[in-house]
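A.B. asks: Structure provided below as structure tokens; questions to follow.
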Amino acid sequence: MKKDINDLECISCPQQAQFCQGSEIQLKDGYWRESNLTDQIYACLLDSCSFSNPQSKNGCLTGFLGPLCNSCDNKSKVWGQQYGLKGQNCFPCNQQLNQIAFACFFIIFYNYEAKNFQINLIAGNKQLEFICK
């Protein structure tokens, strides 16, 4: 079945678009659509959508994926490494592990120094006790 050119209907460029030309719609940052074949456009809930960014994949910024770029790539499906959500951003999981490891090291070091301080304080009190008697 052949379409008649007289049956075609033009629509205006959507507000969410930077520009439109022919059947191409270039979206503004902050908006997402499932594919270039649809004019169904949705606002992103996170600051994660950008079709204009050359490093984005499927309109999602680094670490994000899925509809509305609303999830982090926690299974390394798109970005090649695991990402986790912290606040409103996706961070590489190895970066979070480094932060956790540093925090654990700091807590252990602090406890060690506090214990040494207590031991030295007790030893100092015993020497004072001995000198005073």
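The values are calculated or read from the model by the stated rules, or taken from the named source; none is laboratory data. Note that the structure is predicted; figures quoted are calculated from it, not measured. Please note: Cβ atoms are built from the backbone with ideal geometry, for glycine as well, and neighbour counts cover all protein chains shown.
A.B. asks: Enumerate the pairs (first residue in the range 83-105 and more than 22 Å from G30 (Cβ to Cβ); second residue anywhere and at pLDDT 70 or above and charged (D, E, K, R)) with beta-carbon separation below 9 Å, excluding pairs fewer than 6 apart on the same chain, so at least 6 apart or on different chains.
C.D. replies: What qualifies is Q96/K86.
A.B. asks: Out of curiosity, is A43 modelled with pLDDT of 90 or more, farther than 18 Å from D73 by Cα and out of contact with any helix residue (DSSP H, G or I) (no Cβ under 9 Å at 6 or more places or on another chain)?
C.D. replies: Against the criterion (modelled with pLDDT of 90 or more, farther than 18 Å from D73 by Cα and out of contact with any helix residue (DSSP H, G or I) (no Cβ under 9 Å at 6 or more places or on another chain)), A43 does not qualify.
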